[in-house]
Amino acid sequence: MHKAQDPQFAERIRASFGRQQAMTLIGASMPVIEPGYTEIHLPHKPEITQQHGYIHGGVVGMIADSAAGYAASTLTSHETGVLTVEYKLNLLTPAEGQLLIAEGSVIRYGRTLIVTRADVFAIKDGRKTQCAVMQQTIMTLHGKKDSVL
């Protein structure tokens, strides 16, 4: 179990997510924010599909990256930002259904680097199927809060 350094972490994460225009563009929401864990939900819509009608793999990567990155951010102080250094995404099956859920979690929290993962599930007709798994390395930016240029 992870412990948040910032007692206001959920409000901070919610505000940061609200400023992330890429998530707004695709219609994503973040209904679950806990220490070391977040969920991003993305309803299916034609604008985010590829030529076969599945949700585009790049969009799957977007929500996995953000869910895991925000999971890391839940454990930092309010004065520390985070950035993705790298991630490896495996697309397990086409992302099809009414809803995608990316579950981000922290594997190891360090002062400089945080290792995270995300599991992405497609919900189709009430059935939950894992469609992607991602492992990620996050870099902490001590003394640098979120900012919008």
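Just to check your reading of the model, which residue among LEU99, LEU75, LEU91, LEU113 is in contact with a helix residue (DSSP H, G or I) (Cβ under 7 Å, 6 or more places away or on another chain) and either buried (at least 20 other Cβ atoms within 10 Å of the Cβ) or free of Cβ contacts under 8 Å to residues at least 60 places away in the same chain (or both)? Before you say what the answer is, go through the steps one by one.
Details: LEU99 fails: in contact with a helix residue (DSSP H, G or I) (Cβ under 7 Å, 6 or more places away or on another chain); LEU75 fails: in contact with a helix residue (DSSP H, G or I) (Cβ under 7 Å, 6 or more places away or on another chain); LEU113 fails: in contact with a helix residue (DSSP H, G or I) (Cβ under 7 Å, 6 or more places away or on another chain).
Within the list LEU99, LEU75, LEU91, LEU113, the selection yields LEU91.
Taking residues in segment 45-68 that are farther than 25 Å from ARG117 by Cβ and without any contact (Cβ under 8 Å) to a residue 12 or more places away in the chain, and partners anywhere that are of a type in the set (A, V, I, L, M) and part of a strand (DSSP E or B), the pairs with Cβ atoms closer than 7 Å and at least 6 places apart or on different chains are THR49/ILE55.
One residue stands out in segment 1-44 among those that are modelled with pLDDT of 95 or more and aromatic (Phe, Trp, Tyr): the one that is nearest to LYS128 (Cα to Cα), namely TYR37. Of the candidates GLY53, GLY61, GLY81, the single residue that is small (Gly, Ala, Ser), part of a strand (DSSP E or B) and out of contact with any helix residue (DSSP H, G or I) (no Cβ under 7 Å at 6 or more places or on another chain) is GLY81.
The values are calculated or read from the model by the stated rules, or taken from the named source; none is laboratory data. Everything quoted here is computed from the prediction, not taken from an experiment. Cβ: placed from backbone, ideal geometry, glycine included. Neighbour counts: every protein chain shown.
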